[in-house]
1. Would you tally the net charge around G365, using a Cβ to Cβ cut-off of less than 15 Å, leaving G365 out, and scoring K and R as +1, D and E as -1?
2. Compute the length gained on full extension between D88 and E293: take 0.36 nm times their separation in residues and subtract their Cα-Cα distance, giving the result in nm to one decimal.
3. Please work out the average accessible area per residue across the chain, using the 1.4 Å probe convention, and give it in Å².
4. By how many nm would the segment from D214 to T316 grow when fully extended, if each residue of separation counts as 0.36 nm and the alpha-carbon distance is taken off?
5. So how do V234, V156 rank on accessible area, 1.4 Å probe, biggest first, that is with the largest at the start?
6. How would you rank 168-176, 86-94, highest first, on the average number of other Cβ atoms within 10 Å across their residues?
7. Cα-Cα over 32 Å: which of K75/K166; K239/K398; K75/K101; K75/K239; K166/K336; K101/K151?
8. For E28 and D130 in one chain, what is 0.36 nm times their gap in residues minus the Cα-Cα distance, to one decimal in nm?
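The values are calculated or read from the model by the stated rules, or taken from the named source; none is laboratory data. From a predicted model like this one, the values you see are computed outputs, not experimental measurements. FYI the Cβ positions are ideal-geometry reconstructions off the backbone, even for glycines, and counts take in every protein chain you see. With ligands, DNA and RNA removed, areas are computed over all heavy atoms of the protein, side chains included. Shrake-Rupley method; radii C 1.70, N 1.55, O 1.52, S 1.80 Å.
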Amino acid sequence: MSIIADRIKRIKLSPSVAARGIIAELREQGRSIIDLTIGEPDFSTPAHICEAAKRAIDNGQTKYPPAQGVAALRKAIAARLQMENGIDYPIGQIIVSTGGKQVLFNALAATLNEGDEVIVPSPYWVSYPDMVLVNGGEPVIAQTDLASGYKLTPEVLEAAITPRTKWLIFNAPSNPTGAVYSAEELRALADVLVRHPHVWVMTDDMYARLSFIDRAPSYILAVAPELADRTLLVNGVSKAYAMTGWRIGYGAGPAGLVGAMAILQSQSTSGASSISQAAALEALTGPQGCVDEFAAIFRERCEVACDLLASVPGLTLIRPEGAFYAFPDCAALIGKCTPDGAVIRNDEDLCLFFLRDAGVAVISGTAYGAPGTFRLSFAASLDDIRAGCLGIRAACEKLV
Ligand SMILES: Cc1ncc(COP(=O)(O)O)c(C=O)c1O
């Protein structure tokens with residue numbers, strides 16, 4: 001009998017962790033590798049936020065925090081959510097967890113019964129299907145395509161809904177595609193959801209403040225407040241404030257749901273680190289210029305990367321409107337041969353070819369539920385992004 005539970009056998013190691021292993025191996029062999037796989041900002045956490053954490057230590061904020069989150073932080077989150085979504089959440093309806101990832105996980109763990117379906121639009125962030133699976137649910141992949149800009153359409157959403165659907169997981173700007181929805185597009189999706197009152201919405205707004213477009217980001221509840229009694233808003237400080245290692249995320253939603261998530265959290269982690277919560281409070285209430293600076297840097301890198309990728313034979317690219325990734329379609333290169341006669345059978349072969357031929361690491365789209373694509377991260381210097389894209393271009397030019 002195996003010591004490992006069956007539910008763990010349903011899931012796998014994250015592909016970025018796997019990519020890191022191959023990169024480390026090649027570097028050990030003396031290869032110089034440009035790593036464009038990274039899923040976190042390459043900036044340091046702003047100094048004023050670090051100072052707040054140091055003050056928290058000096059002030060003795062080193063005891064167990066309330067399991068659902070420090071009240072002052074939840075008040076600051078409420079103020080931000082009111083600004084973004086126009087909804088007033090009492091702090092009892094807000095939970096602070098160990099990263100946005102734990103908010104999503106807690107919500108699924110607190111709500112899924114065996115066989116419940118969760119709609120996951122593809123391309124998706126790699127963790128969604130596995131988080132559904134490990135909690136006994138069935139991911140229902142709603143396929144989007146290049147033609148729709150990798151955006152979920154009302155038709156595709158409608159077709160994915162069944163009587164067993166419990167959640168739609170919605171993520172914009174999207175990791176990996178950078179797709180952003182207009183208020184009209186969100187309204188059209190909301191109209192479908194209004195017709196299916198048993199479907200709840202988990203909206204992952206993790207990248208909402210890293211947008212490359214001039215209009216303000218649209219939030220689903222700002223457009224369709226009538227969905228508030230079945231929506232969980234998920235966000236955090238990891239991406240916008242370069243705070244991935246602090247592990248602070250938050251969720252807001254109906255009292256019953258958030259209460260169940262809080263019970264689960266009280267019996268698992270007992271809440272997020274008190275020092276990190278002090279830092280997150282400063283992030284949300286202190287000077288916000290750092291977020292704009294990060295967004296501007298990502299935007300510049302995005303322009304450089306996209307201009308170069310647009311010139312690569314065999315790649316088709318939709319310019320991302322947010323987050324910090326490009327997501328080229330490489331289907332036209334599948335079936336071609338490398339100079340030593342190997343056939344590129346799929347996007348995974350192509351990414352390995354980029355790695356071995358050009359020393360450039362990217363993540364294959366299969367990991368995101370989108371074979372025939374790959375993800376290239378802008379969390380690298382402009383020089384590396386330029387050299388990486390030129391390396392990819394040179395490698396693609398060798399394929400026949
Ligand atoms: C779409 C998306 N949601 C959620 C997360 C989790 O963020 P964290 O747990 O660091 O707050 C990530 C991290 O990569 C992400 O890409």
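1. Result for the neighbourhood of G365: -3.
2. Using 0.36 nm per residue and subtracting the Cα-Cα distance, I get 70.9 nm.
3. For the chain, the per-residue accessible area is 41 Å².
4. Residue separation times 0.36 nm, minus the Cα-Cα distance, leaves 34.3 nm.
5. V156, V234
6. In decreasing order of mean packing, 168-176, 86-94 become 168-176, 86-94.
7. Table pairs above 32 Å Cα-Cα are K239/K398; K166/K336.
8. 33.6 nm
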